[in-house]
Amino acid sequence: MSPTDTGEHFARLRHYFARSERNYELMLGGAKHFGYHPDDRRVSEREAQGLLHDLVAERLALGPGDRVLDAGCGQGVVACDLVRKTGCRIDGITVLDFEVPKAEARARAAGVEARTRFQIMDYSETGFDDAAFDAIYTTETLSHSPDIRRTLHELNRVLKPGGRVAFFEYSIAETEAFSPREWTLFERIARGSAMVGLHEFRNDRFHDVMEEAGFRDVRTENITANMLPSLRRLQRLALLPYYLVTWPLGRQERNPNRSAAVVYHAMVRKGLVRYNIFTARK
């Protein structure tokens, strides 16, 4: 992307999240990620979010001595919970200036402000030293990268040798697996939510992109079935307004969250969209 294109992308990203921020606060307590629903019991959405955080800690084997990067920290929901549960130290970075004070306030309320730091920074061009972190994670943020290969190279640079990464991210089928109508809807939603990087997250192929960036022992864990109850809940809430307002007028790009809840639910059921944990080491 050219500097102009990158600037336009960040402007679109800021516009999207500024419009959506209140909805995230009302529906997900400020979180911007799906929950993890276990196979053996039903849990609330808030419990499911906590279980997903537990998976982040587990996949990264986090402990009190670890310095961790949250690449795309949002309001600090994941970071504050992980610090409270594991005692690690977390640097959270975001390109959205209105998220930092909310993350700092959350850390103070949780009593973890001494072990967290939140700042405005692009995860494709950070100001951190080489090999600064023991572990790095993302929760549905890499799809917003305008250049995923550049982002992964930067994350690899700031990771210590032997360090761990865990990326909780979507992936999609090959373009030809979508019908023309499905692909049009997918593209509208991706543009509206500034998820330009999602095109690089192809089912069964993203591990190649990670290996090209220098990661090793790359593994993909498909947890779509455990995310589906979260998506189903959002789909039920969005269904009526989507068909009354969005669908007949072709406004998916202007209503990306509402549209994604309905359209992506159908695509997930068909295997066109997955939810994964990508883990690796440096």
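The values are calculated or read from the model by the stated rules, or taken from the named source; none is laboratory data. Everything numeric in this text was worked out from a predicted model, so none of it was measured. Note that each Cβ is placed from the backbone with ideal geometry, even for glycine, and that neighbours are counted across all protein chains shown.
Output the number of residues of region 236-277 satisfying the condition of being acidic (Asp, Glu) and over 16 Å from TYR16 (Cβ atoms). Matching residues across region 236-277 total 0. Scanning region 96-115 for residues that are under 12 Å from GLN75 (Cα atoms) and of a type in the set (Val, Ile, Thr) returns a single hit, VAL100.
Inside region 30-46, can you point out the residues that are surrounded by 15 or more Cβ atoms within 10 Å (Cβ to Cβ) and part of a helix (DSSP H, G or I)? Answer for region 30-46, where residues must be surrounded by 15 or more Cβ atoms within 10 Å (Cβ to Cβ) and part of a helix (DSSP H, G or I): just GLU45.
Exactly one residue among GLY163, GLY74, GLY65 is surrounded by 22 or more Cβ atoms within 10 Å (Cβ to Cβ) and assigned to a loop (DSSP other than H, G, I, E, B), and that residue is GLY74. Restricting region 110-134 to residues that are without any contact (Cβ under 8 Å) to a residue 24 or more places away in the chain and in a helix (DSSP H, G or I) leaves a set whose member that is surrounded by the most Cβ atoms within 10 Å (Cβ to Cβ) is GLU113. The residues of region 190-246 that are within 29 Å of LEU155 (Cα to Cα) and small (Gly, Ala, Ser), listed by number, are ALA190, GLY192, SER193, ALA194, GLY197, ALA213, GLY214, ALA225, SER230.
A quick yes/no check of all residues on (1) acidic (Asp, Glu); (2) more than 21 Å from HIS9 (Cα to Cα):
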position	(1), (2)
CYS73	no, no
PHE118	no, yes
GLU140	yes, no
SER145	no, no
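Here the condition is being farther than 29 Å from GLU8 by Cα and among the β-branched types (Val, Ile, Thr); of ILE277, ILE172, it holds for ILE277 alone.
Of all positions in region 147-160, none carries a residue that is crowded, with 22+ Cβ neighbours inside 10 Å, at pLDDT below 95 and under 18 Å from the mean Cα position of the chain (by Cα).
Sub-9 Å Cβ pairs linking a first residue in region 1-22 that is of a type in the set (Ser, Thr, Tyr) to a second residue that is at pLDDT below 85, at least 6 apart or interchain, are TYR16/PRO256; TYR16/ASN257; SER20/LYS32; SER20/PRO256; SER20/ASN257, ordered by first then second residue. For VAL56, the conditions (1) within 23 Å of LEU198 (Cβ to Cβ); (2) in contact with a Ser or Thr (Cβ under 8 Å, 6 or more places away or on another chain); (3) not in a helix (DSSP H, G or I) are fulfilled apart from (3).
The C-beta contact set for region 176-193 (first residue more than 21 Å from THR6 (Cβ to Cβ) and without any contact (Cβ under 8 Å) to a residue 24 or more places away in the chain, second residue surrounded by 20 or more Cβ atoms within 10 Å (Cβ to Cβ) and of a type outside the set (A, V, I, L, M), distance under 9 angstrom, 6+ apart or interchain) comprises THR184/GLN252.
Search region 56-70 for residues being touching a residue at least 12 places away in the same chain (Cβ under 8 Å) and not aliphatic (A, V, I, L, M), and hand back the single one that is farthest from THR116 (Cα to Cα). Within region 56-70, the match that is farthest from THR116 (Cα to Cα) is ARG59. For SER20, the test of being polar (S, T, N, Q), surrounded by fewer than 23 Cβ atoms within 10 Å (Cβ to Cβ) and either over 26 Å from ASN255 (Cα atoms) or modelled with pLDDT of 95 or more (or both) is failed.
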